[in-house]
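For reference, the structure discussed in these notes is given below.
The values are calculated or read from the model by the stated rules, or taken from the named source; none is laboratory data. No experiment lies behind these values; they were computed from the predicted model shown. Don't worry about glycine lacking a Cβ; one is built from the backbone with ideal geometry, like all the others, and counts go over all protein chains shown. Surface areas here come from the heavy atoms of the whole protein model, side chains and all, with no ligands, DNA or RNA. Shrake-Rupley method; radii C 1.70, N 1.55, O 1.52, S 1.80 Å.
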Amino acid sequence: MRLVLLGPPGAGKGTQAVVLSNNYDIIHVSSGDLLREAVKNKTEAGNLAKSFMDKGELVPDDVVTEIVAERLSKSDAKKGFILDGFPRNEKQAFELAKQLKKIGEKLDLVLFFKTMGSTVIERLAGRRVCPKCGLNFHIKTRPPKKRDVCDTCGSTLISRDDDKAETIKYRLKVYERQTRPLLSYYKKEGILREVMGDLNVDDLFKELKELFVNEKLT
Ligand code: AMP
């Protein structure tokens, strides 16, 4: 299965991607995670990306496209992948299609996580992440067993720098302006499906399982 999860920040794409990845044994490729890793490792791409990410702006297309292409070229991507956060504009969508065509592949589905604005802001403001293993929590809906401590590795959870109220608002504007137009792009391609991002993780997963059966992907 080759999937793209599309939707505003905080729509639940990352959380659902982890569930899908575990259940269907395909890799989860989050462009945001790849970029954060590059920033942490102070690579050339990471140093370049940092100032854009801090402001909530999109990192230049060539930097992101290269990082994602490199990940997709690894052998574990052959079975399929779940792209989360990429593509984020039409240029990136063209690049992705081009790269897949080169290896005789194409996307199966693009899932649009439809959400109410209020859900998104609440989810992002309450999000806590593990800086070590990348697991996401939420102070109300998905609290860790012990306050501010990762259930899996015991590291202290943090708020992402770009989950501050001001940056959240800006990221949502960037989404509306640059990423939302992708909906009509993929609709025209006939592979866009709308799913309810406001549902809780388990209920949405049930819906997606049915969708994949109906689409004959599993
Ligand atoms: P995310 O974790 O998907 O919310 O991404 C965090 C930040 O990384 C975004 O606000 C952007 O600055 C950057 N980023 C992630 N994916 C992309 C992308 N496909 N294109 C450009 N910038 C991106």
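For residue 61, which of the numbered conditions (1) within 11 Å of the ligand (Cβ to nearest atom); (2) crowded, with 18+ Cβ neighbours inside 10 Å fails to hold?
It fails just one condition, (2).
With respect to residue 88, determine if the residue is surrounded by 17 or more Cβ atoms within 10 Å (Cβ to Cβ) and in a helix (DSSP H, G or I).
Details: surrounded by 17 or more Cβ atoms within 10 Å (Cβ to Cβ): yes; in a helix (DSSP H, G or I): no.
So residue 88 fails the test.
Kindly establish whether residue 147 is of a type outside the set (A, V, I, L, M, F, W, C) and not in a helix (DSSP H, G or I).
On the way: of a type outside the set (A, V, I, L, M, F, W, C): yes; not in a helix (DSSP H, G or I): yes.
So residue 147 passes the test.
Going through 11, 49 one at a time, which residue ends up being touching a helix residue (DSSP H, G or I) at 6+ places or on another chain (Cβ under 9 Å), without any contact (Cβ under 8 Å) to a residue 40 or more places away in the chain and open to solvent by less than 30 Å² (accessible area, probe 1.4 Å)? Give the derivation first.
Numbers: 11 fails: without any contact (Cβ under 8 Å) to a residue 40 or more places away in the chain.
The unique qualifying residue is 49.
How many residues are touching a residue at least 12 places away in the same chain (Cβ under 8 Å), part of a helix (DSSP H, G or I) and out of contact with any Phe, Trp or Tyr (no Cβ under 6 Å at 6 or more places or on another chain) if we restrict to segment 52-85?
Residues flagged as touching a residue at least 12 places away in the same chain (Cβ under 8 Å), part of a helix (DSSP H, G or I) and out of contact with any Phe, Trp or Tyr (no Cβ under 6 Å at 6 or more places or on another chain) within segment 52-85 amount to 14.
Filter segment 25-46 for residues that are open to solvent by 60 Å² or more (accessible area, probe 1.4 Å) and more than 8 Å from the ligand (Cβ to nearest atom) and give the result. Spell out how you get there, then give the answer.
So the first thing to find is which residues in segment 25-46 are open to solvent by 60 Å² or more (accessible area, probe 1.4 Å), and the list is 25, 33, 36-37, 40-42, 44.
Across segment 25-46, the qualifying residues are 25, 37, 40, 41, 42, 44.
Among 157, 217, 124, which is open to solvent by less than 40 Å² (accessible area, probe 1.4 Å) and within 17 Å of residue 5 (Cβ to Cβ)?
Numbers: 157 fails: within 17 Å of residue 5 (Cβ to Cβ); 217 fails: open to solvent by less than 40 Å² (accessible area, probe 1.4 Å).
Only one candidate passes the filter, namely 124.
Restricting attention to segment 101-144, which residues are free of Cβ contacts under 8 Å to residues at least 40 places away in the same chain, under 30 Å from residue 80 (Cα atoms) and assigned to a helix (DSSP H, G or I)?
101, 102
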